[in-house]
Structure formats: C-alpha cells, structure tokens
Amino acid sequence: MASLKYWLWLTTRPGLQNRDSFRLLEHFGSPEAAFFADPAEYGLAGLSGQRLAGLLDKSLEGAERILADCDRLGLRVFTLRDAAYPERLAQIDDPPCVLYARGRELAVDELVSVGVVGSRRPSPYGVELAGRLGLELARRGALVVSGIAQGIDAAALRGALRGGGPVLSVLGCGADVVYPRENRWLYEDVAAAGALITEYPPGTPAEGWHFPIRNRILSGLSLGVVAVEAAERSGTLVTARLALEQNRDVFAFPGPVGAPMSLGTNRLIQRGEAKLVLGAADVLCEYEDVYPGRLTRPDPLTEEETRQRLSEPPVPAPAEEKREETVDKTPKRAYITLKDYAGEMTDDEREILLALGEASMHADALVERTQIPVRRVLSALTMLQVRGWVDEGPGKRFTAAVLIKE
C-alpha cells in the first residue's frame, strides 16, 4: 500500500499523459524513485514545461484521497507491475500504468476475450446483430469486452448477460461515474456478472477526449474486435485501427450498401482489414485451437428462444416502472407485523416486502423502487424465498407471500 500511493501520485500529475508516466517508469525504475528524484533528472527523461511543473508538486494528499475513495467504493487498484495486471494489455505500446476495477476478478489472459464495438446511434438491424452476437459469444464461453455507451455497446452487453457469460466494460470515466445516465442499471449488472475497468480515478467525469484514449484498452484486452455498425468516420474505426496496430484480429458485419451506419464496416471488409462475419461462430473459430477447452458448444437456441431472450425487458427507467408491475389476483395473503419479526428481517428484506406489497415485480423494478443495489436486492430475495415470504413466478417476477402490517 505504501508504494501504491506513489503510483497514484505519478499517474495523476497535471499535464502528464500516460505515455509520460510510462517514460518516467522506464527512466527511474519505479514511481517512488521518480517521486524522490532530483528535479534536474526529470529533464533527462525528456519532460519540461507544464509536465515538469506537475512533478515538482510532492503532495501525496491526492493519492491518499484516491485510496480512501477506492476503499469506500470497493474498487480494486492494480499497477503495471502487479501480477493481477493483464499480460495481454501490458504488451501494447501504451499500457495504462494504473487500472481501477469494480466487480469480479477476471482472469482475462486465460479467456477468449472478444471486443464488440459500434455506433451509439445504430439502426434496428445493428441492435439486433449486437444482441445476438453478445448472446452467442457468452453461451460459448467467451468474455465480451465493450464500452457501455448507448447503442451497440449496450446491446452487446445485454445479450451477453442474457447468455449467462462474463462481461467486461472499459470506461472513459471513474468507475463510480455512470455515463450515460440511462445505463445506470446496466452498470450494476455488469459489475455483478463481470467487471468495470478504467484508468481514471474515482470521481473523474466522462470527457469526450477520454474515449479515444480508452479504446486502446478495450482492444488491448481483446484477442479480436468485432465492428457491428459504424459510420465512415467514427470511434469504432479508431478502435479497429488500434486493434490492427496491436496485432489483434478485426472482424466486421456487412451491412446494406449505402446505409450510413454500414459504410464504416463495409469499408473495413473491402480494404481487407476485417474478416467478414455473420455471427459468433465466425469469430470463435479463430480461437478454438489456440485456447482448447475454453469454448463450449451448447445446444443451439431456436429462433424463438433467441428472440425471447433478447426481448426480455431491460431494466426500466423510472417512468416505465408502472408497466413492470401487475396486481396480484391471488387470494389475500397473511399479514406479519414488523414488531414480531424485527429480529428475523434485515432492513433490505423489509424494504423489499414493503415495495412488493400486492404487486408482482422483476428484481430490476425493485432496485429502482427501493434504491438498493442490485446485488443486495438479489441476496435479500433469496433469503425471503427461503423463509417462504416471497415466491418467484414465471418470467422471474417476484410476489410477496406475506404482507407487512406496521
């Protein structure tokens, strides 16, 4: 922990880019050595002006505040020299010196990691392709890597989550900053089933210029990157270019000739920079022999089963919550009093029972109504079912078997 604060000091110097921090590491051998170095030595590392001024500030208050924030938020921090740092990412030209992670620990180097990228304003065709791709990749055991923007990113992640697979999202902001706000529940789902990763410390807002920089991490963590839909000038093509520079595979779905959101992917295919794919099998066939035993071949879903999985309602926005509820028509249930069961019921369980009332609701609607994090809601629902106080019905809707009388 003592040395970690020097890593955070180095990577948060005003005016210093990641490449500069990396150069200082190569020159001094460690962040601590760079911290205690004579100012004249910074010039020998090729730094001057504003970048040099930032290094002259030796206060560690900012680093200590970041460590406290990470502890409070449950974020993991690992550096370029840590064993937990993905070797696949460490091999790129400009690896981030520090990573912040929320969620599960994923052995990225042992997994068939496939990046999925595309437009934030996709066509319905693109949304369906991304959802099917994410679903198929996850069911085969691949790790889906993406951003978490509206559009292709969100569709691919939701598909992967419904396929039961792990997911990894690379952010252009702090791990505690939800951007875009519409995807706040997707953040929780990704953190529960996989991980959110960023090189930006907690509290860092989403800035437009962060995302092109972020893309090198997305492609660097992946064996290959699939472009689903993209305009001729887009961040998707930037990621594809970075993937090629990093010696990663690039794949692309073809689209209608002349369609704005297919111009980019069609060009990648036309120039021979991307392999034309029609589904997950065309991607994963490249890695089955290289990663034996990592990919599975489950029984294929029927078209109806696929559509059913992909059409499951997403986490509702507040305005949609009422449509997620249906009044329970079963006979009246028994009442229990808070006083009698105070010692047997957690605060979360009480809030969930009160929120359910006589309605039948999805877990995500309960999250919205109670403002309790998704993992705690799922844990409380499990315990309530064990006690016989909540029943799970078709479509994963939960109904209270008892009503609380205060």
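The values are calculated or read from the model by the stated rules, or taken from the named source; none is laboratory data. Only a predicted model underlies this, so the values are computations on that prediction, with no experimental measurement involved. Every residue, glycine as well, gets a Cβ built from its backbone with ideal geometry; the counts of neighbours run over all protein chains shown. Side chains are part of the model used for accessible areas, which takes the heavy atoms of the whole protein and leaves out ligands, DNA and RNA. Shrake-Rupley method; radii C 1.70, N 1.55, O 1.52, S 1.80 Å.
List pairs: first in region 53-74 and in contact (Cβ under 8 Å) with a residue 40 or more places away in the chain, second open to solvent by 30 Å² or more (accessible area, probe 1.4 Å) and part of a loop (DSSP other than H, G, I, E, B), Cβ under 6 Å, 6+ apart or cross-chain?
Matching pairs, first to second residue: 54/14; 54/15; 62/12; 73/176.
Any residue at all in region 82-89 that's in contact (Cβ under 8 Å) with a residue 24 or more places away in the chain, in a helix (DSSP H, G or I) and buried (at least 16 other Cβ atoms within 10 Å of the Cβ)?
yes
If you check residue 178 against the conditions, is it out of contact with any strand residue (DSSP E or B) (no Cβ under 6 Å at 6 or more places or on another chain) and modelled with pLDDT of 95 or more?
Taking the combined requirement at face value, the residue does not satisfy it.
Mind checking which residues of region 82-127 are touching a helix residue (DSSP H, G or I) at 6+ places or on another chain (Cβ under 8 Å) and among the acidic types (Asp, Glu)?
Listed by number, the residues that qualify are 87, 93, 94, 109.
Of all strands (runs of 3 or more DSSP E) completely enclosed by region 104-181, which ones contain at least 3 residues that are within 12 Å of the chain's Cα centre (by Cα)?
The strands (runs of 3 or more DSSP E) meeting that bar are 143-146, 167-170.
State which residue pairs qualify: first residue more than 9 Å from residue 97 (Cα to Cα) and inside region 18-34, second residue basic (Lys, Arg) and assigned to a helix (DSSP H, G or I) in any location, beta carbons under 7 Å apart, and separation of 6 or more residues or different chains.
Pairs found: 20/51.
Run residue 307 past the list (1) outside any loop (DSSP other than H, G, I, E, B); (2) at pLDDT 95 or above and report the number of the one that doesn't hold.
Failing condition for residue 307: (2).
Given the residues 355, 342, which is the only one that is modelled with pLDDT of 75 or more and either of a type in the set (A, V, I, L, M, F, W, C) or not in a helix (DSSP H, G or I) (or both)?
When all the criteria are applied, what remains is 355.
Out of (1) open to solvent by 20 Å² or more (accessible area, probe 1.4 Å); (2) outside any helix (DSSP H, G or I); (3) under 17 Å from residue 141 (Cα atoms), the odd one out for residue 226 is which?
Residue 226 satisfies every listed condition except (1).
Starting from region 276-293, keep only residues that are under 15 Å from residue 143 (Cα atoms), then list their pairs with residues that are open to solvent by 80 Å² or more (accessible area, probe 1.4 Å) and part of a loop (DSSP other than H, G, I, E, B) whose Cβ atoms are within a distance under 9 Å, requiring at least 6 positions of separation or different chains.
Filtered contacts from region 276-293: 287/294; 288/294.
State yes or no: is residue 131 under 12 Å from residue 279 (Cα atoms) and either small (Gly, Ala, Ser) or open to solvent by 50 Å² or more (accessible area, probe 1.4 Å) (or both)?
yes
Cβ-Cβ distance below 8 Å, separation of 6 or more or different chains: which pairs start in region 373-402 with a residue that is within 14 Å of residue 345 (Cβ to Cβ) and end on one that is of a type in the set (Ser, Thr, Tyr)?
380/346; 383/346; 390/399; 402/335
Taking region 349-379, which residues are open to solvent by less than 30 Å² (accessible area, probe 1.4 Å) and over 20 Å from residue 186 (Cα atoms)?
349, 352, 353, 355, 356, 357, 359, 360
Please specify each residue of region 90-123 satisfying the condition of being surrounded by fewer than 20 Cβ atoms within 10 Å (Cβ to Cβ) and of a type in the set (Lys, Arg).
Result: 104, 120, 121.
Among the listed residues 98, 117, 108, identify the single one that is of a type in the set (A, V, I, L, M, F, W, C) and either touching a Phe, Trp or Tyr at 6+ places or on another chain (Cβ under 7 Å) or farther than 22 Å from residue 250 by Cβ (or both).
Within the list 98, 117, 108, the selection yields 98.
Taking region 206-223, which residues are in a helix (DSSP H, G or I) and among the small types (Gly, Ala, Ser)?
The answer is 219, 220.
Can you tell me which residues in region 27-69 are in a helix (DSSP H, G or I), over 21 Å from residue 200 (Cα atoms), open to solvent by 40 Å² or more (accessible area, probe 1.4 Å) and not hydrophobic (A, V, I, L, M, F, W, C)?
27, 39, 41, 43, 49
Taking region 268-288 on its own, how many of its residues are among the small types (Gly, Ala, Ser) and either in a helix (DSSP H, G or I) or within 10 Å of residue 251 (Cβ to Cβ) (or both)?
Number of matching residues: 3.
Evaluate the following for residue 153: is it open to solvent by 10 Å² or more (accessible area, probe 1.4 Å) and at pLDDT below 95?
Judged against the criteria, residue 153 is not a match.
State yes or no: is residue 10 closer than 19 Å to residue 204 by Cβ, at pLDDT 85 or above and not in a loop (DSSP other than H, G, I, E, B)?
Taking the combined requirement at face value, the residue satisfies it.
Considering only region 233-257, state which residues are assigned to a helix (DSSP H, G or I) and free of Cβ contacts under 8 Å to residues at least 12 places away in the same chain.
241
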